[in-house]
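Read through the structure below, which is laid out as structure tokens, and then see the notes.
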Amino acid sequence: MLLISSGASALNIGVPASSAVATRAPMSCVRMADDKAEVEEYFNNEGFNRWSRIYSEDGEVNSVQLDIRTGHAVTVDKVLGWVDADGSAKAGEIFCDAGCGVGSLSLPLADRGAKVVASDISAAMVEEAAKRAADAGLSERASFSTSDLENIQVPADGKFDTVTCIDVMIHYPQEKMAEMVSGLASKADKRLIISFAPDTWYYRALKSFGELFPGPSKTTRAYLHTEEAVVAALKDSGFKLSRTEMTGTNFYFSRLLEAVRE
Ligand code: SAH
């Protein structure tokens, strides 16, 4: 029961029923604006408290949150494994970390030598990430600003070498996913690294079971995406898959894709 009732929070999180969305705002553009405002509000308040704790090495978490912390750390390590394999961070390449949260990926990238331009829709997340960077002595290589994905400024001299966007797509409805991917792709000179909660029958069941148990932890909607649709969006944006990974624990599911310009 625990697994089922908490399943939705694993899908990172938070959830409520898409029908609630449809009744409130039928037009997808209105709906997206609505989603975004809610996500921003969530990650500046309750979501900030919850996720900044989960995305820490210590700090009190319950067993579900610990499972999610562990799963997310595995995803971050997989990204770093790829980046270490090609030495791009060490070489000082420019990374854009879109939807950076508290900087779980931005910081280790900067620590390796990358120049990291990080941003998040939540000012609270950005403030925490900047603080963590300063504490780690990384402020020179990592900058943080409040911005949604659609308004990220590219460097004056061109594009970012790599754009990373980890565990953010869950906040984008299916009909907005392709636009999100193409927006990120247009800012990436060489490579995109993105992750999403996969829409497979198993996770779909878990998510809908979770929705039967609305609880205090479910405060934003979660959207699953099919790999087929994400790969098609990458292809339409001129990118082809180069490496993939999947991380699944009891409560955390994240499919990770690396795509390079064709
Ligand atoms: N990428 C980070 C954080 C993941 S949590 C990591 O892996 O550690 C998801 C983050 O996405 C939150 O910080 C949230 O504020 C941010 N986010 C959600 N929708 C966004 C949007 N439209 N634009 C920018 N950031 C967004």
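Where a number appears in this text, it was derived from the coordinates with a stated rule and is not lab data. Computed from a prediction, not measured in an experiment: that's the story for all the values here. No Cβ is skipped: glycine too gets one built from the backbone with ideal geometry, and neighbour counts run over all protein chains shown.
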Phi to ³J(HN,Hα) by Karplus 6.51 cos²θ - 1.76 cosθ + 1.60 over segment 36-42, Hz, x for Gly, Pro: 4, 4, 5, 5, 4, 4, 4
Estimated inter-spin distance, residue 227 and residue 145, nm [label 7 Å along Cα→Cβ]: 3.6
What dipole magnitude, in Debye to the nearest 20, does segment 147-197 give about its Cα centre under +1 on Lys/Arg Cβ and -1 on Asp/Glu Cβ? 140
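If packing is taken as the mean number of other Cβ atoms within 10 Å per residue, what is the order of 79-89, 250-260, highest first? Before the final figure, lay out the partial values.
Numbers: 79-89: 16.5, 250-260: 22.5.
Taking the mean over residues of other Cβ atoms within 10 Å, the ranking is 250-260, 79-89.
Suppose every K and R has +1 on its Cβ and every D and E has -1 on its Cβ; what is the size of the dipole of segment 37-76 about the Cα centre, in Debye to the nearest 20?
140
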Can you work out the Karplus-derived ³J(HN,Hα) for every residue in segment 99-114? Use 6.51 cos²θ - 1.76 cosθ + 1.60 with θ = phi - 60°, whole Hz, and x for glycine or proline. x, 6, x, 8, x, 4, 9, 4, 5, x, 5, 5, 4, 7, x, 6
